[in-house]
Amino acid sequence: MNNPFEQLEDNFHIIINKLNFLESKITSDKRWLNISETAYYLGYSKDHIHKMKNDIFIINKHYYKKSGRLLFDKVALDNWVTQSANQLDAKDIAQKVLQGLI
């Protein structure tokens, strides 16, 4: 008679191996990340990454569009994460300059 706990343990090991494989793909030296990988890497949802792309990230700095795909630069994302909280990003600076002109 099959023990259901043995079967569960086997499935658990399969799931852990798959998760380890996915994590190794994300944390590797891979520089360019797609939306899903970026969401996993930063710990945000894919919807939030799209919102950040529109509101925070700068095209040709944080991400690039190639053949209809969005590719995020892992190095630029790391710099964005570690930048000082009191530093303004380029969009904030541009908005402040434009407000000063009006």
Check: Among 89, 73, which is the only one that is modelled with pLDDT under 85 and among the acidic types (Asp, Glu)?
Finding: 89
Notebook entry, point to check: Which residues, taken from region 13-26, are of a type in the set (A, V, I, L, M, F, W, C) and surrounded by 11 or more Cβ atoms within 10 Å (Cβ to Cβ)?
Noted result: 22, 26
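Wholly within region 1-80, which helices (runs of 4 or more DSSP H) include no fewer than the required count, namely at least 2 residues that are out of contact with any helix residue (DSSP H, G or I) (no Cβ under 8 Å at 6 or more places or on another chain)?
Working: elements: 4-26, 35-42, 46-55.
It comes to 4-26, 46-55.
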Check: Any chance region 27-35 includes a residue that's surrounded by 13 or more Cβ atoms within 10 Å (Cβ to Cβ), among the β-branched types (Val, Ile, Thr) and under 27 Å from residue 94 (Cα atoms)?
Finding: yes
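The values are calculated or read from the model by the stated rules, or taken from the named source; none is laboratory data. Small disclaimer: the values here were computed from a predicted structure and weren't measured. Cβ coordinates were reconstructed from backbone atoms using ideal geometry, including for glycine residues, and neighbour counts include every protein chain displayed.
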